[in-house]
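Below is one structure, written out as structure tokens; comments come after it.
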Amino acid sequence: MSPAPGPVARWVPVVTLLLSLAGLGVSGYLTFTHFAGTRYLACSATGLVECGVVTTSPQSYILDIPVAVLGLIDFVALVALMTPGAWRSTRGWVHWARLALVTVSMAMVLWLVAAEILIIGHICIWCTAVHVITFALFAIVLAFRPVLDLAAVPDAPTR
């Protein structure tokens, strides 16, 4: 068994949990408006910022799944992985899952920002909030990830 990962700064679990909860809230709102209709979007409908255009575009789906729903699922998992207990976990897979999920989330954000700017030609302020939250989580997790021994994940099956 490998030793437990070292502690992170005391503010990291609190800030990452709050950011994840904020992301969950915005994703929940975007999921609601996806199914309830764009009339519920509190957003500009003229100029560069046009949430309705962005959230109803073909790029708002991946494999026929609304991006808003994927974001909601992502933030449910992130909330669980950003709790203080998860940050203190001695299970290496928890820390690797956190790092992997924020990395995949950040890659998705980069694709969505590119789609908004280059393909759709408009941006959504609510989507931008999710993008900023995801970037902040990515930066914090990357900077403060516990040092883990890749070769000795404590709960890896042995033969």
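Laid out as a table, the results:
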quantity: Qualifying residue in region 23-41 (condition: in a loop (DSSP other than H, G, I, E, B) and surrounded by 15 or more Cβ atoms within 10 Å (Cβ to Cβ)); calculated: yes
quantity: Hits in region 42-86 (condition: hydroxyl-bearing (Ser, Thr, Tyr), touching a helix residue (DSSP H, G or I) at 6+ places or on another chain (Cβ under 9 Å) and assigned to a loop (DSSP other than H, G, I, E, B)); calculated: Ser44, Thr56, Ser57, Thr83
quantity: Which numbered condition Thr90 fails, given (1) exposed (fewer than 15 other Cβ atoms within 10 Å of the Cβ); (2) farther than 27 Å from Leu17 by Cα; (3) of a type in the set (S, T, N, Q); calculated: (2)
quantity: Pair list, Cβ < 9 Å and 6+ apart or interchain, from region 56-84 residues that are over 13 Å from Met108 (Cα atoms) to residues that are buried (at least 16 other Cβ atoms within 10 Å of the Cβ) and of a type in the set (Lys, Arg); calculated: Leu78/Arg98; Leu81/Arg98; Met82/Arg98
quantity: Pairs with Cβ under 9 Å, 6+ apart, first in region 132-159 and within 15 Å of Ala9 (Cβ to Cβ), second assigned to a loop (DSSP other than H, G, I, E, B) and at pLDDT below 55; calculated: Pro146/Ala4
quantity: Residue check for Gly71: more than 21 Å from the chain's Cα centre (by Cα) and of a type outside the set (A, V, I, L, M); calculated: no
quantity: Verdict on Trp126 being within 19 Å of His34 (Cβ to Cβ), among the aromatic types (Phe, Trp, Tyr) and either in contact with a Ser or Thr (Cβ under 6 Å, 6 or more places away or on another chain) or part of a helix (DSSP H, G or I) (or both); calculated: yes
quantity: Region 64-96: number of residues that are touching a Leu at 6+ places or on another chain (Cβ under 7 Å), modelled with pLDDT of 95 or more and small (Gly, Ala, Ser); calculated: 3
quantity: Of residues in region 43-55 being of a type in the set (A, V, I, L, M, F, W, C) and in contact (Cβ under 8 Å) with a residue 40 or more places away in the chain, the one nearest to Met108 (Cα to Cα); calculated: Val54
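The values are calculated or read from the model by the stated rules, or taken from the named source; none is laboratory data. Just so you know, these numbers come straight off a predicted model, no measurement behind them. Glycine gets a Cβ as well: all are built from the backbone with ideal geometry, and neighbour counts include every protein chain shown.
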